[in-house]
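First up is the structure itself, then whatever we jot down about it.
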Amino acid sequence: MRKMPKKVVERETSRRGRATAAKLIEFAAKELDRVGPVKFDIDSVLRKSKISKGSLYHHFGSKNGLLVAVETQQFIKYLDEQNTLLRNLVETRNSASDFLTLMTRVMEISGLPENRDLRKKRIRAIAVAAHDRDLSEFIKTEQIKGSLYLAQTLQIAKDRGWIKPDVDVLAASYWIQGLFMGHIMLDITEIKDLDKAWNSIAVDAIRSFINA
Amino acid sequence: MAKSTKAQPKKAETRQQGRKTMKLLIDHALIELNKNGAANFDLDAVLRRSKTSKGSLYHHFGSKNGLIVAVETEIIKSGLTSDNQVLRQMIEACKSPQEFFNAIELVIRAGAGAPTREVRRQLIRSITFAQHDKNLAETLRETSQRGTQYFAETLAIAQQKGWLKNNIELTALSFWLQGIFIGQIMTDITGIETSDEDWVNISLNSLKSLINF
């Protein structure tokens, strides 16, 4: 019984620690979006979040540790959500043509502003990872996991006869995600009226491996 | 008259020396950038290795950031030009839709997998840097638009000959083919080698529907 208070204190401390770490990540993410990884100003983050340098080193080891934590979080953000949502949608389709409609929609949304932003952040995380082993290991693991999950989702469609039998679902999984990322070429030129034409080519492409 | 003829060679010499220093700085900055990335770019190491003074750096590039922008600008500008021209020549030499398809296949194969990983890595880095540098973003936008336009004009040769379906927007297709290339970043980061051949096959199958065989 006497031990209880100590445990409560410990729990309280670790809860507060998590809150501090979360707050640092939140402010660092804002700073990163504002000035990018090169001009990232750690003092500004500490000032705005009212967190001490000691706390930063305690939780993340270094400025770079914090940067990596932010990129890590940004990279997986929505990856699981999108994957789960698509799985549910595929499972509830009734025919190959329903499946084609769904995949068409998936292609179409890649040009939406929120997806442009998502793409921008994932690209940044990949660029930072080129010089950070921990981050690149993390991204690798997450990307393999996510791609396998998407491949299994495609396998469900394949088992139902909606995807052509000769299509390798794992390769298709990477390829579909690649199309999403490849849209960055259109993003950087800021030509907005080409989205429709891009989509129509993407839909033709997707149709090539669907039995509809 | 006598004054100016005397001064000119000296001026030219200074300019030449200046260009040499700039090139030296850019070369060493590129090495540093590849080694440590933009976030951990060590300017002192660049000055030490290139045996250039800090004053020279500021004179030519204004700041560390200015130097990095200059390097990225060089990379972007030297980018796709030669590939683009080779493709134009290849497609001009084609005599049938099948030959056109074979040329595209060759290009997709050449762009697949590990050999071109470095090109993608560099492009991703430039894009990321440009997210927070207006001038670089402008260079990237212009170069990419110009390259895409050239590529689209190449595809127009095929469309005029009736090999590519009429309803296809060629600028969009040009962006889309570049997207297939850059999208391989997904396999680059996982280090999965097995899917290179599958990637090529899916890409080619998806293109077949656009061609009038």
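Filtering region A:155-166 down to residues that are part of a helix (DSSP H, G or I) and in contact (Cβ under 8 Å) with a residue 40 or more places away in the chain, which residue is least open to solvent (accessible area, probe 1.4 Å)?
Residues of region A:155-166 that are part of a helix (DSSP H, G or I), as a first pass: A:155-159.
Narrowing further to those that are in contact (Cβ under 8 Å) with a residue 40 or more places away in the chain: A:156-157.
Working: A:I156: 37, A:A157: 0 Å².
Step by step, filter region A:155-166, then rank; the result is A:A157.
Could you list, in sequence order, the residues of region A:107-154 that are farther than 28 Å from A:T189 by Cα, open to solvent by 60 Å² or more (accessible area, probe 1.4 Å) and more than 13 Å from the chain's Cα centre (by Cα)?
A:R133, A:D134, A:E137, A:L148, A:Y149, A:Q152
For B:I127, indicate whether it is modelled with pLDDT under 90 and either touching a His at 6+ places or on another chain (Cβ under 7 Å) or within 11 Å of chain A (Cβ to nearest Cβ) (or both). Spell out how you get there, then give the answer.
Numbers: modelled with pLDDT under 90: no; either touching a His at 6+ places or on another chain (Cβ under 7 Å) or within 11 Å of chain A (Cβ to nearest Cβ) (or both): yes.
For B:I127, the condition - modelled with pLDDT under 90 and either touching a His at 6+ places or on another chain (Cβ under 7 Å) or within 11 Å of chain A (Cβ to nearest Cβ) (or both) - is not met.
How many of the residues in region A:170-201 are in contact with an Asp or Glu (Cβ under 7 Å, 6 or more places away or on another chain) and more than 7 Å from chain B (Cβ to nearest Cβ)?
Residues flagged as in contact with an Asp or Glu (Cβ under 7 Å, 6 or more places away or on another chain) and more than 7 Å from chain B (Cβ to nearest Cβ) within region A:170-201 amount to 1.
Output the residue which, of all residues in region A:177-212 that are part of a loop (DSSP other than H, G, I, E, B) and in contact (Cβ under 8 Å) with a residue 24 or more places away in the chain, is nearest to B:K208 (Cα to Cα).
So, considering only residues that are part of a loop (DSSP other than H, G, I, E, B) and in contact (Cβ under 8 Å) with a residue 24 or more places away in the chain, the one nearest to B:K208 (Cα to Cα) is A:F209.
Specify the residue that is farthest from B:I185 (Cα to Cα); the eligible residues are those in region A:86-120 that are among the charged types (D, E, K, R) and at pLDDT below 95.
Within region A:86-120, the first condition is being among the charged types (D, E, K, R), and the residues that meet it are A:87, A:91, A:93, A:98, A:105, A:108, A:114, A:116-117, A:119-120.
Next, only the ones that are at pLDDT below 95 stay: A:105, A:108, A:114, A:116-117, A:119-120.
On the way: A:R105: 23, A:E108: 21, A:E114: 21, A:R116: 17, A:D117: 18, A:R119: 12, A:K120: 14 Å.
Ranking the candidates gives A:R105 first.
How about region A:76-140: which helices (runs of 4 or more DSSP H) wholly inside it have at least 2 residues that are among the basic types (K, R) and within 14 Å of another protein chain (Cβ to nearest Cβ)? Talk me through it step by step, then tell me what you get.
Working: elements: A:79-91, A:96-108, A:113-129.
Ranges flagged: A:113-129.
Condition check: of a type in the set (S, T, N, Q), over 30 Å from A:I176 (Cβ atoms), part of a helix (DSSP H, G or I) and modelled with pLDDT of 85 or more. Does A:S14 satisfy that?
Judged against the criteria, A:S14 is not a match.
Cβ-Cβ under 6 Å, sequence separation 6+ or interchain: first residue in region A:24-51 and more than 22 Å from B:G66 (Cβ to Cβ) and touching a residue at least 40 places away in the same chain (Cβ under 8 Å), partner open to solvent by less than 30 Å² (accessible area, probe 1.4 Å) and not in a helix (DSSP H, G or I). Which pairs?
Note: pairs meeting the criteria are A:L24/A:I51.
For region B:136-156, enumerate the residues that are within 28 Å of A:K39 (Cβ to Cβ) and touching a helix residue (DSSP H, G or I) at 6+ places or on another chain (Cβ under 6 Å). So that I can check it myself, show each step before the final result.
At the first step, the residues of region B:136-156 found to be within 28 Å of A:K39 (Cβ to Cβ) are B:136-145.
Residues satisfying the conditions are B:L136, B:A137, B:T139, B:L140, B:R141, B:T143, B:S144, B:Q145.
Looking at region B:153-174, I want the residues that are of a type in the set (D, E, K, R) and have a partner that is assigned to a helix (DSSP H, G or I) with Cβ atoms under 7 Å, at least 6 apart or on another chain. Which pairs are those?
B:E169/A:A197
Could you identify the single residue in B:E99, B:E105, B:E138, B:E118 that is charged (D, E, K, R), under 13 Å from the mean Cα position of the chain (by Cα) and surrounded by fewer than 20 Cβ atoms within 10 Å (Cβ to Cβ)?
Answer to the check: B:E118.
Where residues in region B:171-192 are more than 7 Å from chain A (Cβ to nearest Cβ) and closer than 22 Å to A:I76 by Cα, which of them is least open to solvent (accessible area, probe 1.4 Å)? Don't jump to the end; show me each part of the working.
At the first step, the residues of region B:171-192 found to be more than 7 Å from chain A (Cβ to nearest Cβ) are B:174, B:177, B:181, B:188, B:192.
Still in the list and also closer than 22 Å to A:I76 by Cα: B:188, B:192.
Numbers: B:D188: 24, B:I192: 39 Å².
Among those that are more than 7 Å from chain A (Cβ to nearest Cβ) and closer than 22 Å to A:I76 by Cα, it is B:D188.
Looking only at region B:23-56, which residues are aliphatic (A, V, I, L, M), within 19 Å of A:K39 (Cα to Cα) and touching a residue at least 24 places away in the same chain (Cβ under 8 Å)?
Going through region B:23-56, the residues aliphatic (A, V, I, L, M) turn out to be B:24-26, B:29-31, B:33, B:38-39, B:43, B:45-47.
Filter once more, keeping what is within 19 Å of A:K39 (Cα to Cα): B:29-30, B:33, B:38-39, B:43, B:45-46.
Within region B:23-56, B:A29, B:L30, B:L33, B:A38, B:L43 qualify.
Within region B:147-165, is even one residue under 26 Å from A:I191 (Cα atoms), touching a Leu at 6+ places or on another chain (Cβ under 8 Å), of a type in the set (F, W, Y) and surrounded by fewer than 23 Cβ atoms within 10 Å (Cβ to Cβ)?
Scanning region B:147-165, I find at least one residue that is under 26 Å from A:I191 (Cα atoms), touching a Leu at 6+ places or on another chain (Cβ under 8 Å), of a type in the set (F, W, Y) and surrounded by fewer than 23 Cβ atoms within 10 Å (Cβ to Cβ), so the answer is yes.
What do you reckon, is B:L173 under 30 Å from A:G146 (Cα atoms), modelled with pLDDT of 90 or more and in contact with a strand residue (DSSP E or B) (Cβ under 9 Å, 6 or more places away or on another chain)? Give the derivation first.
Values: under 30 Å from A:G146 (Cα atoms): yes; modelled with pLDDT of 90 or more: yes; in contact with a strand residue (DSSP E or B) (Cβ under 9 Å, 6 or more places away or on another chain): yes.
Criteria met by B:L173.
With the checklist (1) of a type in the set (D, E, K, R); (2) under 13 Å from the mean Cα position of the chain (by Cα); (3) surrounded by fewer than 20 Cβ atoms within 10 Å (Cβ to Cβ) in hand, flag the one item B:D196 doesn't pass.
(2)
For the list (1) part of a helix (DSSP H, G or I); (2) at pLDDT 85 or above, I need the number of the one condition that B:K95 fails.
Evaluating B:K95 over (1) part of a helix (DSSP H, G or I); (2) at pLDDT 85 or above leaves (1) as the failure.
Looking at A:A28, is it at pLDDT 90 or above and open to solvent by 30 Å² or more (accessible area, probe 1.4 Å)?
Numbers: at pLDDT 90 or above: yes; open to solvent by 30 Å² or more (accessible area, probe 1.4 Å): no.
No: the conditions fail for A:A28.
The values are calculated or read from the model by the stated rules, or taken from the named source; none is laboratory data. Everything numeric here is computed off the predicted structure, so don't read it as measured data. Glycine gets a Cβ as well: all are built from the backbone with ideal geometry, and neighbour counts include every protein chain shown. Just the protein is used for accessible areas: all its heavy atoms, side chains included, with ligands, DNA and RNA removed. Shrake-Rupley method; radii C 1.70, N 1.55, O 1.52, S 1.80 Å.
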